[in-house]
Amino acid sequence: MLKTRVITAIIALIVMLSVFLLGNPHFMRLFFTLLVGIGTFEISTMIFPRIYSMFSASHEATPPPFLRPLVIGMSCVLFAGSAYTQGYGVSVMMLGLLGSLLFGIFIAPEIDLSFGAGAGILVCLVYGAFPWLAIWELYKLAPDSRYIFLLCTIVWCGDTGAYFAGRSLGKHKLAPRMSPNKTWEGSVGGIIASVAGASVFKGFYGEQMVDWPIIIICAVLGGALGQLGDLAESTFKRFSGVKDSGKIFPGHGGFLDRVDGLLFAAPAIWFILYQFGI
């Protein structure tokens with residue numbers, strides 16, 4: 001199992017570095033759209049069977065076969081439409097969300113199920129597409145994807161720090177209902193690791209990055225929100241009764257299992273950089 005995890009991690013790292021360092025903007029739009037589709041596939045596969053079972057009168061209903069492909073398509077169109085239409089992204093998002101909500105309401109045969117289906121579609125679109133718009137904006141901030149690498153450094157250093165701090169020092173449960181093994185001590189250790197990782201990153205780039213106060217703010221807020229993203233993903237999985245969001249990465253689980261923290265941290269880091277840094 002460990003060997004599989006290491007091999008998968010190495011391959012994923014090589015692919016990520018190659019894409020973000022060598023890909024041109026047109027390719028990156030397509031690449032991000034693909035990631036949106038994969039994430040929406042996983043979240044829709046998790047939650048829709050549970051929603052239809054919970055909200056139907058018989059508690060035995062199953063999602064129609066066209067629902068998941070349609071939601072994936074909606075999510076990809078929502079992202080691509082916003083990324084390609086300069087100045088009209090907000091309009092595209094608003095129309096997409098309202099249209100999707102109406103679609104969810106009208107496809108279900110029961111009132112309770114209409115509410116559940118509409119809410120499920122909104123969750124899939126908001127979770128599957130919106131954070132990638134922030135990551136796309138981070139990509140556009142610098143030609144070598146440095147701010148995406150900063151995001152990954154903050155979140156993944158935080159994950160590693162939280163794991164080891166929690167194992168060695170953890171005593172007080174952070175959110176036992178969502179993730180019983182996470183502790184406050186691990187959370188603090190994770191944020192410290194996020195700051196340390198961002199500091200090393202800033203030291204490597206020097207004056208080519210934003211100033212130190214902005215880096216530290218990004219690290220603290222991004223590290224905290226990355227942990228909240230992990231808790232949100234745990235909640236979705238517990239609601240759906242699954243261990244992993246998918247099986248796309250051998251030994252690591254699903255795509256969302258690997259990027260859940262990035263999805264929550266990216267909008268905050270982009271906002272800080274956009275408003276105060278760049």
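Computed quantities for the displayed model
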quantity	calculated
Rounded tilt (10° steps) of 25-55 against the dominant C-alpha axis of the chain	50
Helix-only [θ]222 nm of the chain, DSSP H runs n ≥ 4, -39500 (n - 2.57) each, per residue, nearest 500	-26500 deg cm²/dmol
Peptide ranges 169-177, 66-74, 45-53 listed from the most packed, as the mean C-beta count within 10 angstrom indicates	45-53, 66-74, 169-177
Formal net charge of residues neighbouring I248 (Cβ-Cβ distance under 10 Å; K, R +1; D, E -1)	-1
Value of relative contact order over the chain, rounded to a whole percent, pairs C-alpha under 8 Å and six or more apart	20
Charge dipole magnitude, Cβ of K and R +1, D and E -1 - the chain, Cα centre, debye nearest 20	560
Alpha-carbon Rg with Dmax, taken over the chain, Å	19.3, 62
Global form of segment 83-170, assessed from the alpha-carbon gyration tensor, a/c cut-off 1.5	oblate
Cα gyration tensor shape for segment 108-215, rounded if a/c is under 1.5, else prolate or oblate	oblate
Percent accessible area from carbon and sulfur atoms, the chain, protein chains only, probe 1.4 Å	71
Segment 158-278 pair-distance distribution - Cα-Cα, 10 Å bins, rounded %	14, 38, 33, 14, 1
Listed residues F32, F55, F255, most fluctuating in the chain (Gaussian network, C-alpha, under 10 Å)	F55
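The values are calculated or read from the model by the stated rules, or taken from the named source; none is laboratory data. Bear in mind the structure is a predicted one, so any value in this text is a computation, not a measurement. Every residue, glycine as well, gets a Cβ built from its backbone with ideal geometry; the counts of neighbours run over all protein chains shown. The accessibility values were calculated without ligands, DNA or RNA, using every heavy atom of the protein model including side chains. Shrake-Rupley method; radii C 1.70, N 1.55, O 1.52, S 1.80 Å.
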